[in-house]
Every structure is written in C-alpha cells, then in structure tokens.
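> Below is one structure. I have some questions about it.
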Amino acid sequence: MKINKTNAARLLDKAKIAYELIPYEVDENDLSAIHVAANLGENIEQVFKTLVLHGDKSGYFVCVIPGEHEVDLKLAAKASGNKKCDLIPVKELLPLTGYIRGGCSPIGMKKHFPTYIHDTCLHFPYIYVSAGVRGLQIKLAPDDLIRESRAEICRLFEE
C-alpha cells in the first residue's frame, strides 16, 4: 500500500530525523487515541494525542500527552506561563493549525506554537503522534519529536 507523505513527514525528512509512517483503520465514530493504540496493537502510554489550548497570557499553545489521559488545565497553564487556559473549540482547529480533529500533529502546523510534551514520553524508545491526517501515525524517538517541535518536557497531568 502506497502511503502519501504528509507535511509532518516532509519536515522530518528535511531535518534528517528517522521515523516510520504507520497506517491504521479510521473509525469516524471513535477518533480517540485509545482506538488508535488498539488498532496499532501498541501500549496506549506510547500513543500521544495533540491538543491545542489558549492561555490568558500567552495565547495559543500545544500539549502532547499519552492518549488515555486528560490534560490538567492548571498544570498546562502553569507550564505555559498562564494563569488559566482552555482547550480551543474544534471549529478553530483547522483554520489555526491546518489540521482536523483526529489528525492534528505537533509537527508542521501553519505556524509554530509553544509546545509542551508530557514527561512520560522519555520512558520509551519510541512514541506515536499523528502524521497530520486521520489514519496515519508517525513512530519516532521522543528526543527527535522534542527537537523538531522545539518542545519543553513537563507534567501535564497527575498520575
């Protein structure tokens, strides 16, 4: 099966970062990372979802967390230098990032936003993030994702 390269994959190529594009079956009724992990046969703790938030001071920023968790808005606000923050409405996602729900990658958004990745990513040799379209994940080393997305590592939820 031919897999079309996404913008995120082209940026990783340009940065000479090793990665794998992994297709999966999309369920339009279940776009959750839990569904993606089950489809890939991977540990849900290694399948990360990309969330876009808006802070009261910094404006937009990105959080990347393991798929079965919810971002702690207080921790996300603190990490990003805000007093408070909220997830953006889904209708704002495409015009802001160029990505749709279920296909939002931390790599290759229309413009770079401050990015924060939950620290458990460092427990694994590789993690998965969206490749920028539904039905395709990027498998890569956490350090490479951190470098390419210019991310900070922090706690984004309490375990």
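> Could you list, in sequence order, all residues of segment 80-106 that are surrounded by fewer than 15 Cβ atoms within 10 Å (Cβ to Cβ) and more than 22 Å from SER130 (Cα to Cα)?
Hits for segment 80-106 are GLY81, LYS83, LYS84.
> What do you reckon, is GLU25 touching a Phe, Trp or Tyr at 6+ places or on another chain (Cβ under 9 Å) and under 19 Å from SER105 (Cβ atoms)?
no
> So which pairs qualify, if the first residue must be in segment 17-43 and over 25 Å from ILE146 (Cβ atoms), the second must be aromatic (Phe, Trp, Tyr), the Cβ gap must be under 7 Å, and the two must be at least 6 apart or on different chains?
Hits for this filter: ASN39/TYR24.
> Does CYS154 satisfy being in contact with a strand residue (DSSP E or B) (Cβ under 6 Å, 6 or more places away or on another chain), of a type outside the set (D, E, K, R) and surrounded by fewer than 20 Cβ atoms within 10 Å (Cβ to Cβ)?
Yes; evaluated as a whole, the condition is true for this residue.
> Condition first: in contact with a strand residue (DSSP E or B) (Cβ under 9 Å, 6 or more places away or on another chain) and either in a loop (DSSP other than H, G, I, E, B) or within 13 Å of GLY67 (Cα to Cα) (or both). Now tell me which residues in segment 16-25 satisfy that.
ILE17, ALA18, TYR19, TYR24
> Follow-up question, since we're still on this one. Residues ALA77, ALA18: which one is surrounded by 13 or more Cβ atoms within 10 Å (Cβ to Cβ), within 18 Å of the chain's Cα centre (by Cα) and more than 16 Å from TYR99 (Cα to Cα)?
None of the others qualify; the one that does is ALA77.
Every read-out reported here was derived from the displayed coordinates using simple, explicitly stated rules and does not represent laboratory data. Note that this is a predicted model, so its numbers are computed, not measured. Note: ideal-geometry Cβ built from the backbone for every residue, glycine included; neighbour counts use all protein chains shown.
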